[in-house]
Amino acid sequence: MFNIQSKINKNLFNLFIFVFLISSCSSINVTEEVVYDGGISTVEASIREESSLDYETRAIFTNATVYFEFDKFNLNSKSLQTLKSAVAAMKDNSSIKITISGHADERGTREYNLALGQRRAESVRDYFAVNGINANRVTVKSYGEERPLSNGSDETSYAKNRRAEIN
Amino acid sequence: MKKYLLTLLLVAQPIFSELVLEITKGSDNPYSVALINFNGSNSAKYQVTSIVKNDLDRTGEFRILENNKLLSIPSSEEELNYSDFKLLGVDFIVMGSVAEEDISNIAATYKVFSVKTESQIRTSTVYGVPNKIRQLSHYISDGIYEEITGLQGVASTRLLYVTEERSKDRSLFKLIVADADGSNEQILLRSTEPIISPSWSPDSKQVAYVSFETGMAKVFTQYIATGKREIVLENQFQISSPSWSPNGKYLSLTMYQDGNAEIYILNLKNKNLTRLTNHYSIDTESSWSPNGSKVMFTSGRSGSPQLYEINLRKFNTVPKRVTFEGNYNAKGSYLPNGEGVIFVHRKNSSFQIALKYFNENFVRPLTNSKLDESPSISPNGNVIVYAISENGTGLLAGVTLSGARFRLPIQKGEVREPSWSGFLR
């Protein structure tokens, strides 16, 4: 007695797999199939050009960095001190526009760390906003754990990497 | 004879240099399988036997006996003496042959015999091309696995992952697709900016990922075969954490429209967005239940990262908390049968991969090193591949639900964020 089933393979070339089930006291599973290979293409990501930087105004500002505790995004008193002079510099020169990028250490998942880096950058933005800096002068983004300052897997490295950079 | 030896060396050499498979622990009660060296007139037979052995070993569910461990080596069914195999405690016998039909075609035939019933239980033929012996061998492995365990095999599936090669002043990031055993690596995307969160479309023809090439996180989709790619949403916001719905029509993602991470569902056809979460804490890492009715995500709303579930069929209900043990549970994904979730769990100061069944109220740790991340489960639900950190570099490891552990071969640079394809066979 033969029981023939056919199913169409999902793949591109409409391959067929025939399964013959021979039912007797012992059944043999008979199959035939063709290896599918759809091919692969490589893409080069075109990297955007860096926007031309105004080195004079950047020099006044001197790349401030503030640091955070694990899984935290609140500003401590040392950070507030750092940001105070940043706010002053921005008030002195209304042409300065800044980007705040938030970062995390490698512990925990990459996407959660991306969101955490964003919260850290947002904390800094909030400080600027509260101190009267117009929101359109501030761009905020996160790199999560993807751009560590230190590659070590110890608390000293982690502490350096949990940061928000202003530049 | 001399020529024959030379061919053997040329063929065998790349296999052993590229594939270092380390099985650190297998199943406690494995099937015992006699894998008789494949016959055939060409050199492919050695490669096929070796790849099939590796594939079966990696499942952790077999004890493989090769020719040198057997009492007799039958070359056909007629020569098969079952008592020689019964003495060794063998459950199943596999024999086969490879034939080059012409320059562009190769065919492998294999048979599976049950020692218990003293009968043949399967005979199969796989057709392929000579320079894709590896894929052909994976098909054979999956056929054997399927016959013996009753489950679909995953040797013929693929892994997607990211590598980073650091040099002094910059990094090179690559998005790579490889066979499930880590061999046959091919580059999908090369960039000097970070690439994270790669994932497969349900038909495994496209991938989605986050690239920072525009200066901030943006989600792209890309066809594997053609390289055709697009940014899924053109706007000024950071977008990340893409996950395809099981029917392929939607992408759940995290968008930072309000500055904060919130989850949305994007209709890929008309680009309509539906907002799924609305909370001042972090909401990210969404993934779909197998039937598409629920979305799991990580939220900081309780004060620490925990997993939550939204039922898409009960709109506007409060997300249901899934994890309660410990203060860090993140990046959850459903088992293919929908009965549980795998995720990253923090225990003391270690991050481990853990499993929780929905009908149990405790967490089952699956790994035990310090910084385990990014678990992704095989389409048959049996194996979890994840990223580990060892001596300052990242590599990929695997664990089966039956407890077998393995490492995938070490690539150049740091390897991370593995994602398992669907079935391709």
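We did not get these values from a lab; they are worked out from the coordinates using the rules stated. Just so we're clear, the structure is a prediction, and the values are computed from it rather than from any experiment. When we count neighbours, we look across all protein chains shown, and the Cβ atoms used for this are built from the backbone with ideal geometry, even at glycine.
List of remarks:
- Reported to the nearest whole Å, the Cα centre-to-centre distance from the stretch A:137-159 to the stretch B:224-266 is 24.
- Inter-label distance, nm, simple model (7 Å from Cα along the C-beta direction), A:Ala159/B:Glu79: 7.1 nm
- Distance from the alpha carbon centroid of the stretch B:99-143 to that of the stretch B:295-329 works out to 46 angstrom.
- Order of A:Asp105, B:Asp142 under a 10 Å beta carbon neighbour criterion, fewest first: A:Asp105, B:Asp142
- Bridgeable aspartates and glutamates around B:Lys116 (alpha carbons under 20 Å apart, same-chain partners fewer than 8 residues away excluded): B:Glu61, B:Glu66, B:Glu77, B:Glu78, B:Glu79, B:Asp84, B:Asp91, B:Glu146, B:Glu147.
- Under a Gaussian network description of chain B, with springs only between Cα atoms under 10 Å, the residue in B:Asn380, B:Asn68, B:Asn270 that fluctuates furthest is B:Asn270.
- Estimated vicinal HN-Hα couplings, Hz - the stretch B:223-240 in sequence order (Karplus 6.51, -1.76, 1.60; Gly, Pro = x): 7, 5, 6, 9, x, 5, 9, 8, 7, 5, 9, 8, 8, 8, 9, 5, 9, 8
- 10 Å Cβ neighbours from other chains, averaged over peptide B:121-128: 5
- The H on the amide N of A:Thr139, modeled in the peptide plane, is under 5 Å from the matching H of A:Ile98, A:Thr99, A:Ile100, each at least 5 residues off or on a different chain.
- Estimated distance in nm for a label pair at A:Ala88 and A:Lys72, the labels positioned 7 Å out from Cα along Cα-to-Cβ: 2.6 nm
- Under 5 Å between amide hydrogens, built in the peptide plane, is the criterion, and for B:Glu390 it picks out B:Leu395 among residues at least 5 positions away or on other chains.
- Note, ³J(HN,Hα) from phi for the stretch B:307-313, Karplus 6.51, -1.76, 1.60, rounded to Hz, x at Gly and Pro: 8, 10, 10, 10, 8, 5, 8
- Neighbour net charge for B:Ser197 - beta-carbon separation under 10 angstrom, K R +1, D E -1: -1
- Greater than 29 Å apart at Cα, pairs in B:Lys69/B:Lys111; B:Lys205/B:Lys331; B:Lys271/B:Lys356: B:Lys271/B:Lys356
- A protection proxy built from the mean count of other Cβ atoms within 10 Å ranks the segments B:94-104, B:45-55, most packed first, as B:45-55, B:94-104.
- Taking the longest Cα principal axis of chain B as reference, the axis of helix B:44-59 is set at about 50 degrees.
- Coil-residue trypsin sites (Lys or Arg not before Pro) of the stretch A:69-167, DSSP, other Cβ within 10 Å capped at 16: A:Lys72, A:Lys97
- Spin-label model, B:Glu234 to A:Val30: label points 7 Å out along the Cα-to-beta-carbon direction sit 5.7 nm apart.
- In order along the stretch B:383-400, the Karplus-derived 3J(HN,Hα) couplings, from 6.51 cos²θ - 1.76 cosθ + 1.60 at θ = phi - 60°, round to 10, 10, 9, 8, 9, 10, 10, 9, 6, x, 10, x, 9, 9, 9, x, 9, 9 Hz, and Gly and Pro are given as x.
- Note on the protein assembly as shown: the alpha carbon radius of gyration divided by the globular reference 2.2 N^0.38 Å gives 1.08.
- Cα convex hull volume per residue for the stretch B:158-420 (Å³): 136 Å³
- Legend: distances between Cα atoms for A:Lys97/B:Lys168; A:Lys97/A:Lys160; B:Lys228/B:Lys320; pairs beyond 32 Å are B:Lys228/B:Lys320.
- Peptide-level mean, for A:117-130, of C-beta atoms on other protein chains within 10 Å: 2
- Each helix, a run of at least 4 DSSP H residues, gives -39500 (n - 2.57); summed and divided by the residues of chain B, these come to -4000 deg cm²/dmol at 222 nm.
- Cβ neighbours within 10 Å from other chains - mean over B:217-226: 3
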